[in-house]
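Data first, discussion second: the structure below is written as structure tokens.
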Amino acid sequence: MRIRNNSGFSLAELITIMGILSVLAVIAVPNMIGWRSGKQIQGAVENLRGDLQMAKLKAVQENGPVAILFGSNSYQVFLDDGANEGAFDAGERLLRDRQLPPGVSIDLFATGFGGLGYARFNTRGLPENTGNVVMDSSNGETRTIGLNRIGRVNMP
């Protein structure tokens with residue numbers, strides 16, 4: 001009499017498990033991608049909010065104006081000597097050069113600081129111009145960061 005060894009999986013069982021895993025992957029992957037891009041724009045907004053606060057404090061600390069110059073995929077925070085106001089010139093000290101994550105951009109047409117592409121804080125930490133920065137993500141999300149005349153950074 002022979003004893004059969006029944007350890008292992010049959011081909012039908014393996015195919016069934018592969019089918020279940022495929023269905024789960026089809027459901028989970030798009031949700032994970034949407035979650036990731038949502039976190040990317042949220043992280044970029046939080047970084048900008050913190051950098052605006054830092055610029056305000058640095059203007060007081062350094063007793064000189066600090067500007068934030070916005071580009072579509074980045075922004076720079078620097079001590080602005082005023083020779084070419086709002087532009088990062090040679091000899092000015094760069095405080096932060098932030099690249100936005102892939103899929104996140106600044107909408108330069110919707111971003112407004114009195115028609116200028118930059119925000120600037122004076123030596124008392126008050127903004128010389130107010131407005132909003134609008135960030136867009138590749139999945140269609142939009143976030144706005146506002147700067148009011150007393151220097152409060154808010155996200156309406």
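The values are calculated or read from the model by the stated rules, or taken from the named source; none is laboratory data. As the structure is a computational prediction, the values presented were derived from the model and not from experiment. Counting neighbours? That spans all protein chains shown, and the Cβs are built from the backbone with ideal geometry, glycine included.
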- Among (1) part of a helix (DSSP H, G or I); (2) surrounded by 18 or more Cβ atoms within 10 Å (Cβ to Cβ); (3) among the aliphatic types (A, V, I, L, M), which single condition is Met54 missing? (2)
- Given (1) more than 28 Å from Arg152 (Cβ to Cβ); (2) modelled with pLDDT of 85 or more, where does Gln76 come up short, assuming only one miss? (1)
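Which of the following residues is on the phi > 0 side of the Ramachandran plot and within 12 Å of the chain's Cα centre (by Cα): Gly50, Gly115, Gly103? Walk me through how you get there before you give the answer.
Values: Gly50 fails: on the phi > 0 side of the Ramachandran plot; Gly115 fails: within 12 Å of the chain's Cα centre (by Cα).
Residue meeting the stated conditions: Gly103.
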- Item | Ala44 being of a type in the set (A, V, I, L, M, F, W, C) and farther than 21 Å from Asn148 by Cα | no
- Item | Of the criteria (1) within 22 Å of Ala59 (Cα to Cα); (2) assigned to a strand (DSSP E or B), which one Ser105 fails | (1)
- Message: Just to be sure I understand the filter: pairs with C-beta atoms under 7 Å, separated by 6 or more residues or on different chains, first member in region 71-82 and more than 15 Å from Lys58 (Cβ to Cβ), second member in a loop (DSSP other than H, G, I, E, B). Which pairs pass?
- Response: Ser72/Leu108; Asn73/Leu100; Ser74/Leu100; Gly82/Pro65
- Note on the structure: Of Gly115, Gly64, Gly19, the only residue that is free of Cβ contacts under 8 Å to residues at least 40 places away in the same chain and farther than 21 Å from Asn154 by Cα is Gly19
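Residues checked against (1) at pLDDT below 85; (2) over 12 Å from Ala44 (Cβ atoms); (3) buried (at least 18 other Cβ atoms within 10 Å of the Cβ); (4) of a type in the set (A, V, I, L, M):
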site	(1), (2), (3), (4)
Leu116	yes, yes, no, yes
Asn122	no, yes, no, no
Gly125	no, yes, no, no
Met135	no, no, yes, yes
Ile150	no, yes, no, yes
- Which residues, counting only those in region 76-97, are assigned to a strand (DSSP E or B), surrounded by 14 or more Cβ atoms within 10 Å (Cβ to Cβ) and touching a Phe, Trp or Tyr at 6+ places or on another chain (Cβ under 9 Å)? Gln76, Phe78, Leu95, Arg96
- Query: Is it fair to say Glu128 is touching a residue at least 60 places away in the same chain (Cβ under 8 Å), within 25 Å of Lys39 (Cβ to Cβ) and among the acidic types (Asp, Glu)?
  - Reply: no
